[in-house]
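Quick notes on the structure that follows.
The values are calculated or read from the model by the stated rules, or taken from the named source; none is laboratory data. This one's a predicted model, so the numbers in the text were calculated from it and none came from an experiment. Cβ placement follows ideal geometry from the backbone for every residue including glycine, while neighbour counts extend to all protein chains displayed. For accessibility, only protein heavy atoms count, side chains too; no ligands or nucleic acids. Shrake-Rupley method; radii C 1.70, N 1.55, O 1.52, S 1.80 Å.
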Amino acid sequence: MTTSQDRIIIFDTTLRDGEQSPGAALNIDEKLTIARQLSRLGVDVIEAGFPYSSPGDFEAVQKIAETVGVEGGPTICGLARTTRADIEAAGKAIKPAAKGRIHTFIATSDIHLAYKLKKTRAEVLEIAPEMVAYAKTFVDDVEFSPEDAGRSDPEFLYQVLEKAIAAGATTVNIPDTVGYTTPAEFGALIRGIKENVPNIDQAIISVHGHNDLGLAVANFLEAVKNGARQLECTINGIGERAGNAALEELVMALHVRRQYFNPFFGRPPESEAPLTNIDTHHIYKTSRLVSNLTGMFVQPNKAIVGANAFAHESGIHQDGVLKNKLTYEIMDAQLIGLTDNQIVLGKLSGRHAFQTRLKELGFELSEEDINKAFVKFKDLADKKKEITDWDLESIVNSEVRQPPELFRLELVQVTCGDRSHPTATVSIRTPDGEELTDAAIGTGPVDAVYKAINRVVNVPNDLIEFTVQSVTAGIDAIGEVTIRLRHEGRVYSGHAANTDIIVASAEAYVNALNRLYAALESGVEKIHPQQSQPAKV
Ligand code: KIV
Ligand code: ZN
């Protein structure tokens with residue numbers, strides 16, 4: 001078999017590598033919501049999780065396979081270390097998908113062999129093909145990754161890849177696991193693989209890379225020029241440490257600069273045929289969804305999806321943009337769905353109009369969730385004259401997509417100002433239905449609220465991040481608060497939106513505490529795919 005690929009396959013790993021970011025843990029419903037949106041975005045493959053890591057991860061991958069991996073939908077992939085138990089779990093979890101894939105990996109760099117795996121090169125040369133062959137007993141589509149390929153001896157890498165392909169790997173993925181390589185080196189690595197692995201034409205070359213030196217996207221684009229045809233990436237670039245290559249940056253680079261990239265695909269430079277299958281109009285919305293649900297804030301100067309990414313949004317260039325957009329813009333904000341924001345609803349809009357617009361925006365909500373969101377919408381419409389699509393999105397993300405409400409904020413009241421001690425009173429309903437009230441003084445109103453909440457909830461934690469962002473411009477805009485807190489070395493995030501940012505801060509905090517409390521209650525420790533040593537092959 002010969003595999004040729006005339007466009008880029010986008011392999012999204014937001015739900016696997018992205019979810020490995022501290023504090024980004026998602027529940028099953030949140031994973032399903034993101035998977036549905038990734039499908040609308042047009043990704044080719046969704047790496048939905050690491051099924052062996054926990055019963056929750058297994059169930060999430062299985063549900064995504066059932067509901068998103070339908071005929072005509074994306075391929076659903078499960079990660080597995082090269083062990084029978086991992087591969088079996090992945091094989092079972094992806095089974096309901098119309099197109100399923102197992103992605104199995106083992107490290108190949110000497111440093112990983114010596115200190116993590118405690119195995120010899122000869123052992124890895126045996127295990128890799130054996131486990132690829134085992135994965136083939138579950139599904140035809142098998143991807144193999146030599147972890148830390150970026151720091152592996154290329155000659156050894158060629159041997160492992162040849163054996164993996166001979167055993168049936170249909171995709172070989174080359175990870176720069178620690179984000180160490182430079183673009184020229186990474187491009188040369190891919191070229192070396194193309195030239196030195198005798199059966200490489202029987203597999204697609206994929207790349208996976210981390211952003212420790214800020215080079216992941218540049219590395220991938222060099223890899224594309226040298227023959228890589230699958231890119232493993234995440235929305236907003238979230239992922240381990242400094243994150244993964246950002247999907248939106250890769251897709252827009254390939255789109256905006258297609259005249260430059262077309263010849264590497266054997267096309268004339270002027271070809272207008274897209275290089276990926278992504279519907280770019282969904283990029284901004286997907287970015288916001290992932291940011292809200294994972295609690296991973298998007299920096300304002302982030303390429304493509306940051307609040308300042310488009311020149312006309314930042315005052316200094318406005319004059320130039322008005323005269324000719326091209327003076328400071330290389331792409332139209334509309335392309336990523338940024339200007340699709342319309343003022344659609346107001347105080348007098350009824351339930352039907354509200355529900356219809358939510359449907360048009362792609363939200364699939366239950367009757368109960370629509371009712372909840374409608375109450376919030378009416379409340380907002382009393383305070384804010386014009387409700388935009390982004391406001392609606394914010395309502396759904398903060399009202400409906402919440403972790404199970406173990407603690408419920410019933411009341412928050414503050415007094416503050418330059419002549420008073422900021423004081424907060426809160427009432428919270430506990431998981432056993434009791435309403436408790438307490439008060440505290442703080443250095444500011446948010447500090448006072450958090451201290452009062454802590455007096456009631458009584459789970460020690462450190463607040464490590466607090467951000468407020470407005471959803472739209474204007475003094476009456478909704479403020480979105482995202483927080484991250486740490487408890488016993490683990491990070492939990494919370495998100496909430498309200499026109500009153502003190503209330504949003506309190507809700508975001510209770511939201512994070514609910515995630516923390518749910519994790520403590522479940523007592524399930526997830527296995528980390530890379531930082532844990534498999535018990536046996
Ligand atoms: O970074 C990495 O090497 C990975 C592998 C599991 C592909 O995430
Ligand atoms: Zn990774």
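Would you calculate, for the chain, the mean residue ellipticity at 222 nm contributed by helices, counting each DSSP H stretch of 4 or more residues as -39,500 (n - 2.57) and dividing by all residues, to the nearest 500?
About -11000 deg cm²/dmol.
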Q | Within the chain, longest stretch free of exposed GluC sites (Glu not before Pro) [DSSP loop, at most 16 other beta carbons within 10 Å] | A | 72-269
(Q) Cut-off under 12 Å on the C-alpha distance; same-chain residues fewer than 8 positions from residue 385 excluded. Which aspartates and glutamates are left, in chain and number order? (A) 476
**Q.** Under Karplus coefficients 6.51, -1.76 and 1.60, residue-wise ³J(HN,Hα) of region 471-482 in Hz, glycine/proline x
**A.** 6, 10, 6, x, 5, 9, 5, 6, x, 9, 10, 10
**Q.** Surface accessible to a 1.4 Å probe, residue 271 within the full protein complex, Å²
**A.** 20
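Going by average Cβ neighbours within 10 Å, how do the peptides 445-456, 108-119 rank, with the highest at the top?
With the highest mean Cβ count within 10 Å placed first, the list reads 445-456, 108-119.
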**Q.** Rounded to whole Hz, the Karplus (6.51, -1.76, 1.60) HN-Hα couplings of region 7-23, x for glycine and proline
**A.** 8, 8, 8, 9, 10, 9, 10, 4, 7, 10, 5, x, 6, 6, 5, x, x
Q.
Can you give me the % of accessible surface on the chain that is carbon or sulfur? Probe 1.4 Å, all protein chains present, nothing else counted.
A. 52
Q: State, as an integer percentage, the relative contact order of region 343-400 based on alpha-carbon contacts under 8 Å between residues 6 or more apart.
A: 52
Q: Treat each spin label as a single point 7 Å out from the Cα along the C-beta direction, and report the residue 522 to residue 242 distance in nm.
A: 3.1
Q. Relative contact order for region 9-263: what is it in percent, counting Cα pairs under 8 Å that are at least 6 residues apart?
A. 17
Q. Excluding residue 220 itself, what net charge comes from residues whose Cβ is under 12 Å from its Cβ, given Lys and Arg +1 and Asp and Glu -1?
A. -2
Q) Computed from the mean reciprocal separation of all distinct C-alpha pairs, what Kirkwood hydrodynamic radius does region 116-268 have, in Å? A) 15.8
Q. When the C-alpha atoms of region 408-522 are aligned to their principal axes, what extent does each axis show, in angstrom, from largest down?
A. 42, 29, 25
Q: May I ask you to list the lysines whose Cα is less than 26 Å away from that of residue 383, ignoring any residue fewer than eight positions away on the same chain?
A: 285, 347, 359, 372
Q) Sorted by accessible area (1.4 Å probe), largest first, how do 229, 40 line up? A) 40, 229
Q: Determine the per residue accessible area of region 408-522 with all protein chains present and a 1.4 angstrom probe, expressed in square angstrom.
A: 48
Q. Given a 1.4 Å probe and the protein chains all in place, what does the accessible area of residue 281 round to, in Å² to the nearest 10?
A. 90
Q) Leaving out same-chain residues fewer than 8 places away, which lysines sit with a Cα under 23 Å from that of residue 99? A) 31, 63, 136
Q: Could you grab the Rg to Rh ratio for the chain? Cα atoms only, Kirkwood for Rh.
A: 0.99
